[in-house]
Amino acid sequence: MPVYKLCMKITKKNIPHLLIYIIVFLIVSSIMAVTAQKSHKEQETFSRVKTNIAFINEEESPLIEGLKDELGKAANFVELPDETETLQDALFFRRIVYILRIPEGFTQRFINGDYMPLEKTTIPDSYSSAYIDLAINKYLNTARLYIQQMGGITQEELVSYLKENLSKETNVEIPYSEPEADLNYSNYFFNYLAYSLLSILILGMSALMISYNDRDLKRRVGCSPLSDTAANLQFILANLTFAMVSWLIMVVFCLIIDAKNSLTLNTFYFIISSFIFAFCGSGMGFFIGSVAKGNETISAITNVVVLGSCFLSGVFVPVEFLGSTALKIASFTPSYWYVKANNRIAQLTHFDAAYIKPVLSDMAIVFCFGIAFFALSLVIRKNRRYS
Amino acid sequence: MFAHIFNYRLKCLLRDKITIFWTIAFPLILAIFFKLAFSNIGNQEVFKVIDIAVVENSQYQEDQNFRLALDEVSKGDSRLFNITVATAEEAKKLLDENLIKGYIIVDNQIKLVVKESGLSQNIIKSFIDNYLQTVSAASTIIQNDPSNQQEILKSLADRKNYIKEVTGTGAKPNSILNYFYSLIAMACFYGGFFGMRETTDIQANISTLAARINVAPVHKLKTFLYSLCAALLIHSVEMLALLGFMHYVLKIEFGYRAGFVVLTTIIGSIAGVLMGALISATVKKSEGLKVAAVLTISMLGSFLAGMMFQDMKYIIAQNVPILSYINPINLLTDALYSLYYYDNLSRYFLNMVFLSVFTILATFGTYLILRRRKYASL
């Protein structure tokens, strides 16, 4: 297989160059997966991690003591001097995520039924601060109920009633043993693969194609006793070999890092899904390599295509946060379906046909994208053969 | 002489389509992607209605208050839940198929059954907690004074928000902005491609054009400085165009100190171009390797400044603070953010001082490498 061998030779020459990318991507995706997994955990477990807050009261009263006790369920209090600069810095570097200030005269006005808000300064869009807001409002609204309905209630009585009322909690039952494996890491890592794998595949394969599409080389292959079909097939085979090797390196890396969770059925499906994606990615690489002329154009197209599809289809920003327009555009890219399949796999606890089916159909779409890319590129190559 | 070199260099650089692509088209495209991807964060739309089920049984039918409370939050456009009333088996099946996030059983107590813990599950739980606690408070009051049930219901309905956001500064904190600011910083440092071209075209052992320029009877550093001016002009104009596009088309806020924002961007552009020059002067190999070095350094810098993942910036600031002061992209991002967020300019100036020191070092380094280079043979 002379064409195949030639391709392997060209690829080997590119190894040092590609290796830099592979290593950088692996490190970046691991860091991202670890941090994303961590923040994911903080938001989502019932036993919430306590948030660090600064509680600054300009006055003391039983009501405020009660509020502080109640908040103590959800927060750690960090002692900080009441200086704007220090507080802002603490907030900036996330030593605290919430500053609550009780203005002077609050208790008296509250008991008189006058409205006076507490002042907060927070990091925007953080879940933990939303919980603190909720707790404060709940406490004060319930307190107001007592004050309105039971005139003359003392602060001490009020606080003890509130303490009793607010200790009520819902019974939560999780009948399924939560999956033993913690799949968040794999989920994020495999999602980021849409970025790293795609970049490497497109870079490596298009570099290969540029060299292969050299006019003289093409003419030489053209006059050899090798049919076009055979040459093309060998060429595709070489591309797939490259794709599979890159895929293997990345998957093995993930399995090693997350070894304790690797032996689950979920991981098995992750691997299948990423395998199909690698196939599709090599189709994309083949396509871009057939369309683009010159190395620089390739890296330009690669970056726009890869970064664009990753941003829109939920690789970097979780799907929940994306707008419907973004998702509609994204559904024309394979990354969207790949990420969708991965997110479903991460949720699987049962592996009956009914639960697997949607996952498989997402994978099938990714596969079809791959076939389409290969078919399109073959058409383009055929048209350009004699130009 | 200046006009001659400057003019020709300007023409030369403007015709380099690839560099123009990387320095202006690519950041513009990324900005549009950012806008598309982040436009929903912080909006009400982010919240998606949660599908839940309630198990139909006699206790549920009898518990009128709970039914009312559930009805209240599952009506209208801003509703919290989509509720299905189902038998116990149906509810279980729905949960199995991931069609609902959880179901509620009203027994002696109210119980929530979920499949896993998660944000939606937490919201359901908070809702029920809240209900239970309010019921408990109301019943305490009624025990003491059974006469005023109606009034209790009325004041229950009237919930007040007791918290006011105080930023301490005029600006509203906005985490999305950091993505756009770091994008501007990245674009500034992509100016490194221009800097790279400048050094490449002055080193006779790297390009043939440089060999031609070197035989001209003009002082080499003068040629370099004049053509660098052309690169700086093009890149600054590009960055201002990017800034304008973000502000006027994508409606990104930059605070009220427009003059400082423009100044920061221009200084950032100078820093970027010179960093490219330094990298290119240091890496004496092929052009491909130089491009890779400029790309990797600016991408890595942007990553650490939080362009791909905003929390990265804080992780660095907390754990490796030194890195946030030597990463020029982070300095630039942070400078823009301080301009937006803080009333006080001290943080901004600190960033700018570090950035200027960085730029001066880069200039000096490039000068040291480029000066007095002679080629015996090529």
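In table form, for the structure just shown:
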| read-out | value |
| --- | --- |
| Once the Cα gyration tensor of the stretch A:121-247 is diagonalised, semi-axes √(5λ) in Å | 72, 18, 9 |
| Within the protein assembly as shown, percent of DSSP bridges classed antiparallel, to nearest 5 | 30 |
| Translational diffusion of the stretch B:226-361, µm² s⁻¹ [Kirkwood Rh, Cα pairs; Stokes-Einstein; 37 °C; 0.692 mPa s] | 207 |
| Average projected area [Cα convex hull, the stretch A:259-386], square nanometres | 9.7 |
| Set of the stretch B:284-305 residues, backbone N closer than 18 Å to the point 7 Å along the Cα-Cβ line of A:I249 | B:289, B:292-293, B:296 |
| q = 0.24, 0.28 Å⁻¹, the stretch A:51-97: log10 I(q)/I(0) [Debye, one scatterer per Cα] | -0.90, -1.04 |
| Sum of -39500 (n - 2.57) over DSSP H runs of 4+, divided by residues of chain A (222 nm, nearest 500) | -23500 deg cm²/dmol |
| Convex hull volume per residue for the protein assembly as shown, taking Cα atoms only, in Å³ | 180 |
| Per-residue average of Cβ from other chains inside 10 Å of A:25-32 | 2 |
| For chain B, share of DSSP beta bridges that run antiparallel, in % to the nearest 5 | 35 |
| Chymotrypsin sites (Phe, Trp or Tyr not before Pro) within the stretch B:212-288, DSSP loop, no more than 15 other Cβ atoms inside 10 Å | B:Y256 |
| From phi via Karplus (6.51, -1.76, 1.60), per-residue ³J(HN,Hα) for the stretch B:127-138 in Hz, x at Gly/Pro | 4, 5, 3, 4, 4, 4, 5, 5, 4, 4, 5, 4 |
| Low-density loop positions, chymotrypsin sites (Phe, Trp or Tyr not before Pro), the stretch B:5-107 - DSSP coil, at most 16 other Cβ in 10 Å | B:F47 |
| Cut-off under 5 Å, modelled amide H: who pairs with B:E56 long-range | B:A86, B:T87, B:A88 |
| Set of lysines near B:K93 by C-alpha distance (under 18 Å), chain-local residues within fewer than 8 positions excluded | A:K357, B:K101, B:K111, B:K115 |
| Amide H partners (placed H, <5 Å) of A:L118, local residues excluded | B:I163, B:K164 |
| Calculated P(r) tail over 17 Å for the stretch B:295-367, as whole % of Cα pairs | 46 |
| Rh (Kirkwood; distinct C-alpha pairs) - the stretch A:76-169, Å | 15.1 |
| Added length on full extension, which subtracts the Cα-Cα distance from 0.36 nm per residue, B:V237 to B:I369 | 44.7 nm |
| Under Karplus coefficients 6.51, -1.76 and 1.60, residue-wise ³J(HN,Hα) of the stretch B:268-278 in Hz, glycine/proline x | x, 4, 4, 4, x, 4, 6, 4, x, 4, 5 |
| Cα gyration tensor of chain A - equivalent ellipsoid semi-axes, whole Å, descending | 59, 22, 17 |
| Taking N as its residue count, the alpha carbon Rg of the stretch B:48-204 over 2.2 N^0.38 Å | 1.76 |
| Rounded FRET efficiency, nearest 0.05, which uses the C-beta distance separating B:T282 from A:E59 and R0 of 56 Å | 0.35 |
| Relative packing of peptides A:335-346, B:300-311 - highest average C-beta neighbours within 10 Å first | A:335-346, B:300-311 |
| Cα-Cα separations in chain B greater than 39 Å, expressed as whole percent | 43 |
| Linear extension gain, A:E104 paired with A:D82, 0.36 nm per residue minus alpha-carbon span | 6.5 nm |
| Rounded D (µm²/s) - the stretch B:2-116, Kirkwood Rh over Cα pairs, Stokes-Einstein at 20 °C, 1.002 mPa s | 113 |
| Nonlocal amide H pairs with B:I50, under 5 Å, H built at 1.01 Å | B:F81, B:N82 |
| Average other protein chain Cβ within 10 Å of Cβ, residues B:105-117 | 4 |
| Estimated FRET transfer efficiency when R0 is 60 angstrom, pair A:V291-B:E165 (beta carbons, to 0.05) | 0.75 |
| DSSP loop GluC sites (Glu not before Pro) with at most 13 other Cβ within 10 Å: longest gap in chain A | A:181-387 |
| Residue-span extension gain [B:F349 to B:K75] - 0.36 nm each, minus C-alpha spacing | 93.5 nm |
| GluC sites (Glu not before Pro) restricted to DSSP loop in the stretch B:64-121 with at most 13 other C-beta within 10 Å | B:E97 |
| Whole-number D in µm²/s for the stretch A:159-233 (Stokes-Einstein; Kirkwood sum over Cα pairs; 37 °C, 0.692 mPa s) | 172 |
| Rounded to whole Hz, the Karplus (6.51, -1.76, 1.60) HN-Hα couplings of the stretch B:364-378, x for glycine and proline | 4, x, 4, 4, 4, 6, 7, 5, 6, 7, 10, 10, 5, 8, 10 |
| Inter-label distance, nm, simple model (7 Å from Cα along the C-beta direction), B:L156/A:L233 | 7.6 |
| Förster radius 35 Å - calculated FRET efficiency between A:E164 and A:V34 (Cβ-Cβ, nearest 0.05) | 0.25 |
| Residue exposure sequence - B:H4, B:H247 - by fewest surrounding Cβ within 10 Å | B:H4, B:H247 |
| Residue mean of other protein chain beta carbons inside 10 Å, B:126-139 | 6 |
| Pairwise Cα inverse-distance average, inverted: Kirkwood Rh of the stretch B:46-93 (Å) | 11.5 |
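All of the numbers you see were taken from the coordinates with simple rules; none came from a lab. As the structure is a computational prediction, the values presented were derived from the model and not from experiment. Cβ coordinates were reconstructed from backbone atoms using ideal geometry, including for glycine residues, and neighbour counts include every protein chain displayed.
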